[in-house]
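In what follows, a single structure is set out as structure tokens and then discussed.
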Amino acid sequence: MINFFYDEISKSLSSEIPQSKNSYLKAMLNLEKFEIGQSYVTSKIKNKKNDTFVVNIQGGSPGIDISDSLFYLTEIPKIAYVRTTIDNMILIRKLPVLGVKEWLLIYENTLFLLAVKEKYNELEILCVF
């Protein structure tokens with residue numbers, strides 16, 4: 001059972017995530033092997049229709065461009081919580097939604113560095129309006 005948080009940021013964000021399923025859209029992503037580029041990593045994922053597309057994770061100012069093939073959007077969410085497990089510890093990040101793209105683009109230093117080290121293979125994304 002997982003009872004520990006990866007860092008203090010994750011611990012403080014854990015109580016912020018809405019508990020009502022009516023207040024967010026959720027996607028669970030199983031990531032294939034990461035491909036490492038010069039300043040980013042990519043992985044292929046499949047959506048609910050079994051279409052393959054790419055997630056790009058890179059460092060920089062925190063933010064996320066969500067993919068319209070992951071969510072059925074009637075409006076653009078304001079924030080997204082990204083959650084994963086690293087060595088049996090929960091990592092959570094709160095990212096402003098920058099826009100909607102064909103790919104899923106995540107800008108966050110810790111997620112990028114851990115992806116380079118292949119420390120996780122799934123991501124949960126909760127979009128909040």
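Database remark: amide H of Leu31 closer than 5 angstrom to the amide H of Glu122, Leu123 (H placed geometrically; neighbours at sequence offset of 5 or more, or on other chains; Pro and chain starts carry no H). As a ratio to 2.2 N^0.38 Å, the alpha-carbon radius of gyration computed for the range 53-110 takes the value 1.13. In this structure, the pairs whose alpha-carbon distance is over 28 Å, taken from Lys21/Lys117; Lys21/Lys101; Lys26/Lys119; Lys46/Lys78; Lys44/Lys78, are Lys21/Lys117. The convex hull of the Cα atoms of the range 1-122, projected and averaged over all directions, covers 7.8 nm². Compared with the alpha-carbon gap, the fully stretched path from Met28 to Asp51 is longer by 6.8 nm at 0.36 nm per residue. Checking every one of the chymotrypsin sites (Phe, Trp or Tyr not before Pro) in the range 68-101 against DSSP loop status and a limit of 11 other Cβ atoms within 10 Å picks out Tyr72. Comparing Gly37, Gly63, Gly99 in a Gaussian network model of the chain, where Cα atoms under 10 Å apart are tied by springs, the biggest mean-square fluctuation is seen for Gly37.
Of all the options Glu32, Glu75, Glu16, the one that moves most in a Gaussian network model of the chain with Cα springs shorter than 10 angstrom is Glu75. Extension gain for Lys119-Glu16 works out to 34.6 nm (0.36 nm per residue, less the C-alpha to C-alpha distance).
We did not get these values from a lab; they are worked out from the coordinates using the rules stated. Everything numeric in this text was worked out from a predicted model, so none of it was measured. Here the Cβ is made from the backbone with ideal geometry for all residues, glycine too, and neighbour counts use every protein chain on show.
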